[in-house]
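Reviewing the structure listed below.
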Amino acid sequence: MKKMTLGAFASALAVSVEAVALTVTPARALDINPIFDSTITSDPNAAAIEAVVQSGINQIASQFTNPVTVNIVFKTTTNPNVGGESNTTVFLTPYSTYTGLLSQDFAAHPENKTLGTALANLQFGNGGNGTTVFASAAQLKALGQNHGINPDGTITVGTRFDTTIAVWQHEIDQILGGGGVGSTLNNFPGQGFGSTDLYRYSGLHTPSYTTSTSATACLSVDGGATCIAGFNQGGIGDFGDFLAPPWARARSNHGKFAVPPSDLLHRPPSPPPALNFRCWRGSDTIPSPAPSSVQDCPA
């Protein structure tokens, strides 16, 4: 799989090399720095758990070239009802500001033809008339806006799954802005759009934004002409998750390569605009994934 800029076409573009391959050759990979909590370091199986987490990190980070470090705390819990959950801060960014960052990135990296296509077709997608975009702290850091959130997120996985790489990767994706954070359908319907919502279509120039289980939605950067990956529309779990094959040539967010919606910006605006934010807590219970819950940030 070719390396690429974090999110280059916004959003989950890098689902699969077969789906879309960016042409950027990276000088370095995105740096995801794991901070292991005592629930892991004191575990007799700590070495195995840490190795699985690091392997998951390496697979994801190697796909992107953003010159930033994302700090994530990793924990485990003996709670039998927890499969995996993630906590991060979500900022509410004006649509014009967010898309402006994408335009700046393309101006700096005109070889990223996929991002160019995405920008040219934003007018046909959700938010084309202007609205608010929800983006995670790590995602905005990758775009050049560092809001001083440290760590960028915390992941907790049930001990029954502490050596299951897919569970850790699903939650890493949430921290980076994908999965449930990539769509507002679960928690903030009608209040704005997640990054992947901007590329959520049901057909040519027909954006999709509904919780209807009878609807069809897919990721597209060319205004709905080409479906790169299917979005979860089943009503269980996060609407920002991807469907697994054979519906589209892409991995599920629960699968090997979980891809965040974020778009590279090397030079942040100065100073970064003041943004409102909320705290996001995504949680998947066992045996069935549960919708995420959202909590306001403490004062």
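Here, each number is a calculation from the coordinates, and none is a lab measurement. What you are looking at is a predicted structure, and each value in this text was computed from that prediction instead of being measured. Glycine also receives a Cβ, built like all others from the backbone with ideal geometry; neighbour counts cover every protein chain displayed.
A few notes on this one:
- 5 angstrom amide H check on Thr77, placed H, neighbours 5+ away: Val157, Gly158, Thr159
- Enclosed volume per residue, in Å³, of the convex hull spanned by Cα atoms of segment 89-132: 80 Å³
- In Hz, Karplus ³J(HN,Hα) per residue of segment 133-150 (6.51, -1.76, 1.60; θ = phi - 60°; x = Gly, Pro): 10, 8, 9, 6, 4, 5, 4, 5, 4, 5, 7, x, 9, 9, 9, x, 7, 8
- Derived scalar couplings ³J(HN,Hα) [segment 87-94; Karplus, 6.51 cos²θ - 1.76 cosθ + 1.60; whole Hz; x for Gly, Pro]: 10, 8, 9, 10, 9, 9, 10, x
- The ranking of Ser103, Ser195 by Cβ neighbour count inside 10 Å, starting from the fewest, reads Ser103, Ser195.
- Each residue of segment 164-170 was assigned a 3J(HN,Hα) from its phi angle through the Karplus expression (A = 6.51, B = -1.76, C = 1.60, θ = phi - 60°), giving 9, 4, 4, 5, 4, 5, 4 Hz with x at Gly and Pro.
- Chain lengthening between Asp43 and Lys113 when straightened (0.36 nm per residue, less Cα-Cα): 20.6 nm
- Evaluated at q = 0.11, 0.22 Å⁻¹: base-10 log I(q)/I(0), Debye formula over Cα of segment 43-120: -0.53, -1.17
- Distant-in-sequence amide H partners of Asn71 (H built 1.01 Å from N, under 5 Å): Asn33, Asp152
- Sorted by Cβ density within 10 Å, fewest first, the residues Asp152, Asp173, Asp31: Asp31, Asp152, Asp173
- Selection of GluC sites (Glu not before Pro), segment 40-117, meeting DSSP coil and at most 13 other Cβ within 10 Å: Glu111
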